[in-house]
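Every read-out reported here was derived from the displayed coordinates using simple, explicitly stated rules and does not represent laboratory data. In this text the structure is predicted, and so the values were computed from the model without any measurement. Note: ideal-geometry Cβ built from the backbone for every residue, glycine included; neighbour counts use all protein chains shown.
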Amino acid sequence: MKRIGLGILLLLLVALTTYYYPKLQRAYEPSLRLHRLLPAFALKISSFGNKELMATLIFYNTEFYFGEKAGFRKETPELKLVYDALNKATDLDPRNMDCYYFAQGTLSWIKPAIPVLNKLLEKGFKQRPWDWYLPFFIGVNYYFQLNDPVHAAKYMKKAARLNPRSPVLATLAARMLYQGNQTQAGIIYLKSLVRETTNPLFRKKFEKRLHALEEIFFLEKAIKQYEKKFGKSPLEIHELMRTGIIRKTPVDPYGGMFYIGKDGRVYTTSKLAEGWSKDERHKDRKIKKSVPKRGS
Amino acid sequence: MRSILAFAVTTLKGGVRDRLLQGLVLVGFLLIVSTAVFSSFSMRQPLEVAINYSLSVIHILSIIMTLFFGLNLIARELDSKENHFILSQPIPRSSYVMGKYGGFLLNIFAIVTILGLFSIMGLLLMIPGAKGSVSFPLMKFVSALLGIFFSCSILGAIIVLFTSVATSSIFPFLMSCAVYAIGENTQTVRRYIASGMVGKEFPPVFRLLTDIIYCIFPNFALFDFKAYAIYGLPFSGRLLLVSVAYGVTYAAVCIFFAVILFDKRDI
């Protein structure tokens, strides 16, 4: 009887401490820190042939740290250390996609971090040449954070080639080429896609974009001709018609209207986007602002 | 030959008597459950993480089992003088050593096979729940298991070699741990020095030393096929063949010297 009583008492004590410990722990908990890891070489040595597992463990540690710090404690995580951990984890296992995905999710909104983030993603792309996500991430970072549509288009093209089932990537790449003042490259690229694709729906999409870029290229050539003839840039498309350089204004297959921007480039009010409504034509000024500058 | 077989079967039975199989079945179940839990934290590659975890756990467990089982083979028997009666019989000592090593191989093979089968079961159960079209590279997984088995075989042969000269079980244990630690990293160190990433020039003597160590110690990195299985990378049968040939010859050399040394030993 005594033994049973002692057993119950011990169980109660365990239950009590289990209940109170987390509360006490929270009250006395030190600030959560992500410690700097050993150099990748030392980590590789200490993994004893299980470097992939160690990379996963480092990633989990970083993921849990970020989750607890940002989600649970509502504090700012130490992002430089997050990057350091992910970089070392990918040194151990350069094919660990979780690390790249997490890095893109946490660091892509910090502009100064983009060069190192892209370097990290490049490392992944070298080891995962089949994965379209990595060039897509790099392209997105170049486009939105570094305002570099030329480099963005280069990576978007790679992503589109790796994922031919998604026409969005291909049309996006062509659009970036156009915005990077590389309309002709965009046309060549789209022509190759039209030739290669077997899906009629995709071909239709590519042809539509190709048609739009060809019209833009036609206008760009007309502008150059005008500049050669009159020594100044035209302000409106009508001037090209008035002077007889073009006979009629090309039609934007996306339903927009072509116009010449202040920088002398050809733009369209549709922004080459599907689903543009004709009522939005008067919002030209707003649209002009959102288009990246020529050659930037 | 018959005496070698008899020793091997006795050693295998010893493993069964020690409830090795029951323990392995329990560990196998735990492996299935823990694989599912471990991989659930992955964001983009749960199956890859599951394969990674399974193979790494099998690798770690097999190495631990090799160390303890390998030491139990001869060293403990010598410590407790259990084998004095057997060795006093008109049986060549070489049969004793080779038979014991054969039994050890059978036990390790059983460990890797049982854990591997449980892992495959667990991984196949995971596939229907995975997003998108995922495929499980079964043959590469089996190759990785084979790599683990050969790592353990070499380590076992090294334990037998050290046991044949040692007077206690501590010496072979420490030496085998040291050889394993060096053998697992010689390739990494050599490549690191060759890559020039260290930032300084190493003296030629140092390079020569690393080359000598690389040649003498077993290169366990040769048997690491985990990355091929995890990411389904293109795998060459020739690579497996060369690794197997290296493993077999290295283990054979160790056992050859172990037999010679054990033969000359005073018991």
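Please give the FRET efficiency for B:F256 paired with A:L38, using the beta carbon to beta carbon distance and R0 = 41 Å, rounded to the nearest 0.05.
On the way: r = 40 Å, r/R0 = 0.97.
Approximately 0.55, to the nearest 0.05.
So what's the angle, to the nearest 10 degrees on a 0 to 90 scale, between helix B:93-126 and the longest Cα principal axis of chain B?
Value to nearest ten degrees: 20.
Would you look at the GNM of chain B, springs on alpha carbons closer than 10 Å, and say which of B:I213, B:I158, B:I108 moves the most?
B:I213
Going by Cα centres, the stretch B:37-62 and the stretch B:109-188 are how many Å apart?
For the stretch B:37-62 versus the stretch B:109-188, the Cα centre distance is 15 Å.
Take the Cα atoms of the stretch B:2-263, find their three principal axes, and give me the spread along each one in whole Å, biggest first.
Principal extents (largest minus smallest coordinate, Cα): 65, 53, 31 Å.
Using a 10 angstrom Cβ neighbour count of at most 16 plus a DSSP loop assignment to flag exposed GluC sites (Glu not before Pro), which longest range of chain B is free of such sites? Write out the running numbers ahead of the final one.
Numbers: sites that count: B:E82, B:E201.
In short, B:83-200.
Between A:L79 and A:H238, what is 0.36 nm times their sequence separation minus the Cα-Cα distance? Round to one decimal in nm. It would help to have the intermediate numbers written out before the result.
Numbers: separation 159, 0.36 × 159 = 57.24 nm, distance 5.26 nm.
My answer for the length gained is 52.0 nm.
Calculate, for B:L125 and A:L13, the FRET efficiency according to 1/(1 + (r/R0)^6) with r their C-beta to C-beta distance and R0 30 Å; round to the nearest 0.05. Each step should come with its number before you reach the end.
Values: r = 40 Å, r/R0 = 1.32.
Here the calculated transfer efficiency is 0.15.
Given +1 on the Cβ of Lys and Arg, -1 on the Cβ of Asp and Glu, and no further charges, what dipole in debye does the stretch B:2-263 carry about its Cα centre, rounded to the nearest 20?
Values: 17 positive and 10 negative charges, 65 e Å.
Around 320 debye, computed over the stretch B:2-263.
Could you give me D for the stretch A:199-242, from Stokes-Einstein at 20 °C and 1.002 mPa s, where the hydrodynamic radius is the Kirkwood radius over C-alpha pairs? Units µm² s⁻¹, please.
Working: Rh = 11.9 Å.
It diffuses with D of about 179 µm²/s by this estimate.
What ranking do A:M156, B:M65 get, fewest neighbouring Cβ atoms within 10 angstrom at the top? Before the final figure, lay out each step's value.
Working: A:M156 30, B:M65 22.
Arranged by neighbour count, lowest to highest, A:M156, B:M65 become B:M65, A:M156.
Toward the positive end of the charge dipole of the stretch B:2-263, about the Cα centre and with charges on Cβ (Lys, Arg +1; Asp, Glu -1), which of B:P172, B:A245, B:N185 goes farthest?
Of B:P172, B:A245, B:N185, it is B:A245.
Let me know the Kirkwood hydrodynamic radius for the protein assembly as shown, please, with Cα pairs as the basis and the value in Å to one decimal. Can you show the working numbers first?
On the way: mean 1/r = 0.0345 Å⁻¹.
That comes to 29.0 Å for the protein assembly as shown.
Determine the equivalent ellipsoid of the stretch A:82-179 by diagonalising the alpha-carbon gyration tensor, then write out the semi-axes as square roots of 5 times the eigenvalues, largest first, rounded to whole Å.
On the way: eigenvalues 101, 50, 16 Å².
Result for the stretch A:82-179: semi-axes of 22, 16, 9 Å.
For A:G256, what residues show an amide H to amide H distance below 5 Å, using hydrogens built from the backbone and excluding near sequence neighbours?
Amide H neighbours of A:G256, under 5 Å, 5+ apart: A:S270.
Could I have the simple spin-label model distance between B:A110 and B:K81, label points 7 Å from Cα toward Cβ, reported in nm to one decimal?
3.0
If you put +1 on each Lys and Arg Cβ and -1 on each Asp and Glu Cβ, how big is the dipole of the stretch A:1-136 around its Cα centre, in Debye rounded to 20? Don't skip to the end; give the middle numbers.
Values: 19 positive and 12 negative charges, 72 e Å.
Value, rounded to 20: 340 debye.
Step through the residues of the stretch B:34-44 one at a time and calculate ³J(HN,Hα) from phi using the Karplus curve (6.51 cos²θ - 1.76 cosθ + 1.60, θ = phi - 60°), rounding each to whole Hz and writing x for Gly and Pro.
Once θ is set to phi - 60°, the couplings for the stretch B:34-44 become 5, 4, 4, 5, 4, 6, 5, 7, 6, 8, 10 Hz.
Which of A:T269, A:T243, A:T106 moves most in a GNM of chain A, Cα contacts under 10 Å?
Per the Cα network of chain A with a 10 Å cutoff, A:T243 tops the list.
Taking 7 Å along the Cα-to-C-beta vector as the label spot, tell me the B:F206-B:A194 distance in nanometres, rounded to one decimal.
Taking the two extended label points, one gets 1.8 nm.
Take B:K81, A:K224 and order them by how many other Cβ atoms sit within 10 Å, fewest up front. Show your work: numbers first, answer last.
Values: B:K81 10, A:K224 13.
Lowest to highest Cβ neighbour count: B:K81, A:K224.
Taking 25 Å as R0, compute the FRET efficiency from the Cβ-Cβ separation of A:K111 and A:E29 and round it to 0.05. Don't skip to the answer; put the middle values down first.
On the way: r = 33 Å, r/R0 = 1.32.
Result of the calculation: an efficiency of 0.15.
Got a sec? How would A:M176, A:M241, B:M126 order by Cβ neighbour count within 10 Å, fewest to most? If you can, show how the numbers build up before the last one.
Numbers: A:M176 25, A:M241 15, B:M126 20.
By the 10 Å Cβ count, ascending: A:M241, B:M126, A:M176.
Full-extension gain between A:K248 and A:R3, please, as 0.36 nm times their residue separation minus the C-alpha to C-alpha distance. Intermediate results must be reported in sequence, preceding the final value.
Working: separation 245, 0.36 × 245 = 88.20 nm, distance 10.14 nm.
Gain in length upon complete extension: 78.1 nm.
By its C-alpha gyration tensor, with a ≥ b ≥ c as the square roots of the eigenvalues, how is chain A shaped: rounded for a/c under 1.5, else prolate for a/b larger than b/c, else oblate? Could the numbers behind the result be given before it?
Details: a/c = 3.05, a/b = 2.63, b/c = 1.16.
Since a/c reaches 1.5 and a/b is larger than b/c, the shape of chain A is classed as prolate.
How many Lys pairs in the stretch B:2-263 lie less than 28 angstrom apart by Cα atoms, where the lysines are 8 or more positions apart or on different chains?
Details: B:K13/B:K81; B:K13/B:K100; B:K81/B:K100; B:K131/B:K140; B:K131/B:K226; B:K140/B:K226.
Final tally of qualifying lysine pairs is 6.
Hand me the GluC sites (Glu not before Pro) from the stretch A:170-229 located in a DSSP loop with no more than 14 other Cβ atoms within 10 Å, in residue order please.
On the way: sites: A:E196, A:E207, A:E214, A:E215, A:E220, A:E227; in loops: none.
Passing sites in the stretch A:170-229 do not exist.
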